[in-house]
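Comments concern the structure below.
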Amino acid sequence: MAPDGSIRLDPATYDAWYRTARGRWIGETEYRLLYRALAPRPAETILDAGCGTGYFSRHFVQDGHPVLGIDLDPAAANFARRSRSPALAVAVADMTALPFPDRSFDCVVAVTSLCFVADEAKAIQEIVRVARRRFALGLLNRDSLLYRTKSRAVGSYAGARWHRASSLAALMSGLPVRDLRVATAIFVPGGGPCAQRLESLVPAGLPWGGFIAVTGSVSHDE
């Protein structure tokens, strides 16, 4: 996705990357980490904020969750609608001004989409506002091998905001959140057999994976 919320690559090319050997491994590894950390209850509703082509939305649907995906890019949203799953709805909307009442969804996720939103603080505030119970943010890690190899790249990484795991609590300052947890994955982004073997051995609690999963619970005033 680009800084204005649109995908730099055309949606078909972007989504096809997840069907390559490396893309499939990275996408599935990120999803497993995010899903375990979020720990949604069976059939809980999920808002996928900045869903892009719907890759992660489709995974949540496959795990039994009704999902609404929103994205600022109409082309990406149209591509995401091609899944034709009755459990996946898609709309064009702005992450910094979500058109939903407070506590509209059991869980809200934003997978790397925040890395391209100019007003990140406002987007996080909106995510927390519309979440009834839990939220999960997928971010790019500045303290990672991925950053060393991709921070100056063109294509889908161009213009991305990179975070440090040690500074993520500051993103939640003043918001009604608790039980904040941080885990990482994709320690060696090449995706070959050695990288995959290492991934299975390295604890997710280490702060050097290229993908950061930040999860927490929402404590709205009753």
Count charges around Gly192 for me, please; just the other residues with Cβ under 15 Å from its Cβ, Lys/Arg as +1, Asp/Glu as -1. +2
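How much net charge surrounds Arg81 when only the other residues with a Cβ under 14 Å from the Cβ of Arg81 are counted, with Lys and Arg +1 and Asp and Glu -1?
Numbers: positive: Arg58, Arg82, Arg84; negative: Asp15, Asp48, Asp71, Asp73.
Taking every Cβ under 14 Å from that of Arg81, the sum is -1.
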Computed [θ] at 222 nm, deg cm²/dmol, the chain (DSSP H ≥ 4; -39,500 (n - 2.57); rounded to nearest 500): -8500 deg cm²/dmol
Among Ser83, Phe100, Ser200 - extreme Cα towards positive end, dipole of the chain, charges at beta-carbon: Ser200
Given 100-111, 201-212, the highest-first ranking by average Cβ count within 10 Å works out to 100-111, 201-212
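Any read-out appearing in this document is the output of simple, stated calculations on the displayed coordinates, not a laboratory observation. Since the structure is predicted, the reported quantities are computational estimates derived from the model, not experimental observations. When we count neighbours, we look across all protein chains shown, and the Cβ atoms used for this are built from the backbone with ideal geometry, even at glycine.
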